[in-house]
1. Among the numbered criteria (1) assigned to a loop (DSSP other than H, G, I, E, B); (2) open to solvent by 60 Å² or more (accessible area, probe 1.4 Å), which one does B:Thr94 miss?
2. Spot the failing condition for A:Phe138; the list is (1) modelled with pLDDT of 95 or more; (2) within 12 Å of chain B (Cβ to nearest Cβ); (3) within 26 Å of the chain's Cα centre (by Cα), and only one is missed.
3. Among the residues of the range B:175-200, which ones are more than 22 Å from B:Leu252 (Cα to Cα), open to solvent by 50 Å² or more (accessible area, probe 1.4 Å) and in contact (Cβ under 8 Å) with a residue 40 or more places away in the chain?
4. In the range A:47-65, which residues are open to solvent by 80 Å² or more (accessible area, probe 1.4 Å) and of a type in the set (A, V, I, L, M, F, W, C)?
5. Here is a list: A:Gly76, A:Gly80, A:Gly105, A:Gly71. Which entry is assigned to a loop (DSSP other than H, G, I, E, B) and at pLDDT 95 or above?
6. From the list B:Ala278, B:Ala173, B:Ala253, pick out the single residue that is away from chain A (no Cβ under 12 Å) and among the aliphatic types (A, V, I, L, M).
7. Just to verify a result, which residue in the range B:16-58, among those that are facing chain A (nearest Cβ under 9 Å), assigned to a loop (DSSP other than H, G, I, E, B) and among the aliphatic types (A, V, I, L, M), is surrounded by the fewest Cβ atoms within 10 Å (Cβ to Cβ)?
8. B:Ser145: modelled with pLDDT under 95 and polar (S, T, N, Q), yes or no?
Amino acid sequence: MKLITILIAIATLAICQFGVAQVGIGTTSPVEDLHLAGSNATIRIESLNSTNNSTYNDGVKLSPAYVDGNGDITIGNGTGVSGSEPFNFLIVVDNFIPDDPYLLGLRTGTVVNSNDLGESFKEGQITTVTFTTPVDAFVEVKYGVTMILVGNDLSLGCPCFYVDLDQAVTMLTYFKVDLNNDGLDATESTKAYGQKAQYYSTNNQGSAGYPYMNGQAIFTVPAGTHTLYFYGQVRDDAASYTSVGFGGAQDYLKIRVYN
Amino acid sequence: MRVLFLGILITQSLIGQVGINTTNPQQTLHVADATANARLEGLNTANNNDNLGAQSTTRVYIDADGDLVLGGAAEKVEILVDTENYLADVEDPTSLVNQTGNAFGYEIAGNPIDFTNHQFTLTKNAIVEVNYSVSFSLYKTSGTSGRIDDRHARIVQTGLYFRQVTDPTDPYAGPAVINDVDGVPINGGPWCIDVNASGTVCQETGGLLALNGQFYVNSDSRNGEYRDMWNTGTDYVKLPPGTYVALFAGQLAVGNVSGTGAVKMYLGSGKDELQIIAHYYD
């Protein structure tokens, strides 16, 4: 009986030790609440091994680990069954630029005009797209914007005429990122993402639309709501009239948000 | 012996749960306090090459034993297809896209050179990324004076779509994928991927991805480049488990087809880069 009492006392002492602020294993000077020293040190959680959690741990592939709302380490299938969900999703915005914003019954998209009275460069805002992320994240944007080109103001409708024959004009699309959806500040205004340009030239009977302009970019955002501002540019001879409709046909926008 | 057995029992019972900064542990190991953390030196950047470094966070995985480990990149991202020449380098009916006047519909064109190795299987839902650069040539006839010479702007459009693989030897045997995993038509489709020769009737629909287009103009029947041109596209789509093959559709549009006569475009006549990457989110 005396021996049993001693063993109980030793066991009780051991528990008291676990009440101290920091615990080191393989070190006498822990720098975290729990510090496992040694170049091979890790933790084994048997409830998550392939025997005890065969649903999410097949014993062949590694299973991503997450923490749930209590901070418990867990594994899951990404649908939140175990309270875990990897942050990795895709926002799809089909045809994100209105086809007929001027209500003409024409698929013009948003029109940017460079007139024949001295303008050789013109830029216009095409559209804006707002999205929200619940946590800090990487954001990757891929876009495809359609275009149509004519030689008179497309926003007033047709009849439409060709741009000056056999003269090259160029078009460029890009976007800016308004973090926190509070308007573009000076810094945000200077950063152009996903630039894409191409040239156009034709004679009679050529095609006027709609090729795709594709661009992509990656950036980081804090948790919150953010807005993408899309722009179109037109460059031509100062004495030529070039009217470009951006987004008149089926456009696409993919926003991948992950961390 | 009786005494020793009792001692082990008591120890196991009392140390069944360990608390750090708490006397009331809720898990086998419970690290309490608002700033509580655990440091595993076996996973730090000095000891583990899979640690991405002090400026990054690195995802942690559980192995078969339940050990916390690093290095599971393949479980998150997987390169399914990565080829420098995807479509057969031919200019024949299998790669032909006929010119249409009013830009209605696309035409199927091109055969994968290595269908056996370039079909791929998803075992779970994935965000699939496609990056392609598909070659094309464009002319009236293949003779020395067969180049387009009318100065009419033409638009060369290309898109990528997926088919389910039902026959391991025939990439075209299975149905075209129209919707994503959520049942939403891809890119606002369904798209006409196979229009008839006269450009009036759609024979098959599919979900076109990574649409790209550019203009082409030439004014000399004997001079000017007409081969070695590329369309480049990139896109994302969410797909369910299955075996798939990526295929292409193209469109050649011009304002008026009457002036010049038949113009032919061939997809894949040069080298075509294709990458398909799965980003697993389950």
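The values are calculated or read from the model by the stated rules, or taken from the named source; none is laboratory data. None of the values given here were measured: they were computed from a predicted structure. Here the Cβ is made from the backbone with ideal geometry for all residues, glycine too, and neighbour counts use every protein chain on show. Ligands, DNA and RNA are stripped out before the accessible areas are found, and what is left, the full protein with its side chains, is counted by its heavy atoms. Shrake-Rupley method; radii C 1.70, N 1.55, O 1.52, S 1.80 Å.
1. (1)
2. (1)
3. B:Asp182
4. Hit for the range A:47-65 is A:Val60, nothing else.
5. Values: A:Gly76 fails: at pLDDT 95 or above; A:Gly80 fails: at pLDDT 95 or above; A:Gly71 fails: at pLDDT 95 or above.
Just one listed residue meets the conditions, A:Gly105.
6. On the way: B:Ala278 fails: away from chain A (no Cβ under 12 Å); B:Ala253 fails: away from chain A (no Cβ under 12 Å).
Selected residue: B:Ala173, the only one of B:Ala278, B:Ala173, B:Ala253 that is away from chain A (no Cβ under 12 Å) and among the aliphatic types (A, V, I, L, M).
7. Among those that are facing chain A (nearest Cβ under 9 Å), assigned to a loop (DSSP other than H, G, I, E, B) and among the aliphatic types (A, V, I, L, M), it is B:Ala46.
8. Working: modelled with pLDDT under 95: yes; polar (S, T, N, Q): yes.
Taking the combined requirement at face value, the residue satisfies it.
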